[in-house]
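Asks: The structure is given below, and queries will be raised subsequently.
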Amino acid sequence: MESIILPPADMTGQIRLGITETFSAYLLPTLLPALRKQFPNIIFNIHECDRADIEQALLANTLDLGIIIVSNLQEKTHLHYEVMLRSERNLWLDPEKSIAILNNDHLSRCRSTAVYFIRYGRTSY
């Protein structure tokens, strides 16, 4: 049997999309209008939840698609995934500390160093 591919404007139905809070804030404002324009007859049901819940919902077939960080994905063998983007990580250290990082082999020295996260004007560690 020959596959039939419909033009995007002729596709109908719904897509249950799981997305984490971080991706929701950064991606949905531009992604969702573009999807709705490309697929005007598709209903996008957005479910914002954490990565573990999205992963389990995909496995249970209660979500069709998920947008999550895949580096810490637990079920890599049971789910198909594609990397959409990569983000650079930076390590910020106190200049007064005597830690010198020359390459990745020396990152283990940082385990005992306090790490501070600044979020919404608050600092936590």
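The values are calculated or read from the model by the stated rules, or taken from the named source; none is laboratory data. The model shown is predicted, which means the values in this text are computed figures rather than measured ones. Here the Cβ positions follow ideal geometry from the backbone for every residue, glycine too, while neighbour counts run over all protein chains shown.
Asks: Between residues in the range 1-21 that are modelled with pLDDT under 85 and residues that are part of a helix (DSSP H, G or I), which pairs lie under 6 Å by C-beta distance while being six or more apart or on different chains?
Replies: Close Cβ pairs (under 6 Å, with a partner that is part of a helix (DSSP H, G or I)) amount to 8/38.
Asks: Applying the selection to the range 11-32, what residues are under 13 Å from residue 45 (Cα atoms) and β-branched (Val, Ile, Thr)?
Replies: Within the range 11-32, 15, 19 qualify.
Asks: Restricting attention to the range 21-40, which residues are touching a helix residue (DSSP H, G or I) at 6+ places or on another chain (Cβ under 6 Å) and either hydrophobic (A, V, I, L, M, F, W, C) or buried (at least 17 other Cβ atoms within 10 Å of the Cβ) (or both)?
Replies: 39
Asks: Return the residues of the range 30-56 that are in a helix (DSSP H, G or I), modelled with pLDDT of 90 or more and either basic (Lys, Arg) or under 10 Å from residue 17 (Cα atoms) (or both); say none if nothing qualifies.
Replies: 36, 37, 54, listed by residue number.
Asks: Taking the condition outside any helix (DSSP H, G or I) and either among the β-branched types (Val, Ile, Thr) or surrounded by 11 or more Cβ atoms within 10 Å (Cβ to Cβ) (or both), does residue 15 pass?
Replies: yes
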